[in-house]
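**Student:** Sharing a structure here in structure tokens format.
The values are calculated or read from the model by the stated rules, or taken from the named source; none is laboratory data. This is a predicted model, so every value here is computed, not measured. Ideal geometry is used to build each Cβ from the backbone, glycine not excepted, and the neighbour counts take in all protein chains shown. Ligands, DNA and RNA are excluded from the accessible area calculation, which covers all protein heavy atoms including side chains. Shrake-Rupley method; radii C 1.70, N 1.55, O 1.52, S 1.80 Å.
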Amino acid sequence: MAMAALTASSSAITLINKPFLPNRSSFFSSNSHSRLLQFSVSASASVHLRYPSTAIRAVALESDLNETPSIDEIEETQVFACPVCYQPLMRKGPSGINLQAIYRSGFKCGQCNKTYSSKDEYLDLTVTADLDDYNEVKPITTELFRSPLVSFLYERGWRQNFKRSGFPGPDEEFKMAEEYFKEAEGGVLVDVSCGSGLFSRKFAQSGKYSGVIALDYSENMLRQCNEFIKNDNTFDSSTNIALVRADVSRLPFPSGSVDAVHAGAALHCWPSPTNAIAEICRVLRSGGVFVGTTFLRYSPSTPWIIRPFQSRILQNYNYLMQDEIKDVCTSCGLTDYADYVQDSFIMFTARKP
């Protein structure tokens, strides 16, 4: 999606994108005589025909005739939306879903008049972004992963311990997820509750998606993800990955705009799995795929006599059972549910009808 020029082969319209760093204090300011020109551009690439979520609507602001002629180009994408009203965000800056372009861009909701920026190595699209006085505190299952120590340790021993519960390991989990995502290749994939970006980076490196969005509520997890990317020479400034801070129960994307959603070892940490999966269903396009992994409350081999005690010990987390996960997915509007279970590990998938 990152490009210097976007040309529609079916017409003579060509949009030239000029990279620049917006002045955030005067974001999208224009005088009363400015005229708004809005038009739609459809790329000829087959991926854009197959995946409408990657289409770009461009908006240009024409300066007042009495002033020196100039055009500030603003891109309104179908990718990011205001977390308050879900309207697509206006974007000022270079195009593309990559770290450099996102960092040099400013975003604004035309309806709420609220602005968003990537001042801290990630784009903050939470409702509380830039609030001065209010700091929202989440349940312990969420707050734990906002810790700098946990963020640092996550890929340095923490995640490896999941094998004890039946997790096959990140490489095998990635291969399994890729099989489910075959029909979403070429589209936008969102890795929700991405942690330090273990799978986000793998999806981006595969080159199979027009954009990969690593999304997490933890600021420190996103900073750790950014650090891994900077230290990995297989990534460059044009790699189609963006880091976004957001709440999984209020995803900053328009309805029906995302091709695939991945949630690795995440569901048990969500304060409300039903709210989160309902949001995932909302943002998926028709035919879009959701793939998740989590711990089951207990494995099929767990002796029945200790199951109640194990459930009580783990009561701070939302460890569900196989049938419960299916029930939640179907009740939120997803279809074609399937899963794979190994000990306490489950990988499940469902589709937006």
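**Student:** Evaluate E = 1/(1 + (r/R0)^6) for T234 and R104, where r is the Cβ-Cβ distance and R0 equals 35 Å; express this FRET efficiency to the nearest 0.05.
**Tutor:** 0.95
**Student:** Listed highest first by mean packing, meaning other Cβ atoms within 10 Å per residue, what order do 135-141, 149-155, 90-96, 258-264 come in?
**Tutor:** 258-264, 90-96, 149-155, 135-141
**Student:** Using the heavy atoms of the protein chains alone and a 1.4 angstrom probe, what is the accessible area of the stretch 81-148 per residue in square angstrom?
**Tutor:** Averaged over the residues of the stretch 81-148, the accessible area is 45 Å².
**Student:** Additional query: For every other residue with a beta carbon closer than 14 angstrom to the beta carbon of T234, add +1 if it is Lys or Arg and -1 if Asp or Glu, then tell me the sum.
**Tutor:** Combined, the nearby Lys, Arg, Asp and Glu give +1.
**Student:** Treating cross-link reach as a plain straight distance, find the lysines whose alpha-carbon is under 30 Å from the alpha-carbon of K352, omitting any fewer than eight places away in the same chain.
**Tutor:** Cross-link targets: K108, K138, K175, K182, K202, K208, K326.
**Student:** Related question: Rounded, prolate or oblate, given the Cα gyration tensor of the stretch 102-210, with a/c below 1.5 counting as rounded?
**Tutor:** oblate
**Student:** Modelled label-to-label distance, D132 and A338, 7 Å Cα→beta-carbon offset: nm?
**Tutor:** Output for this residue pair reads 5.4 nm.
**Student:** Something else about it: Can you list the aspartates and glutamates whose alpha carbon sits under 16 Å from that of K92, skipping same-chain ones fewer than 8 residues off?
**Tutor:** Reachable aspartates and glutamates: E62, D72, E73, E75, E76, D124.
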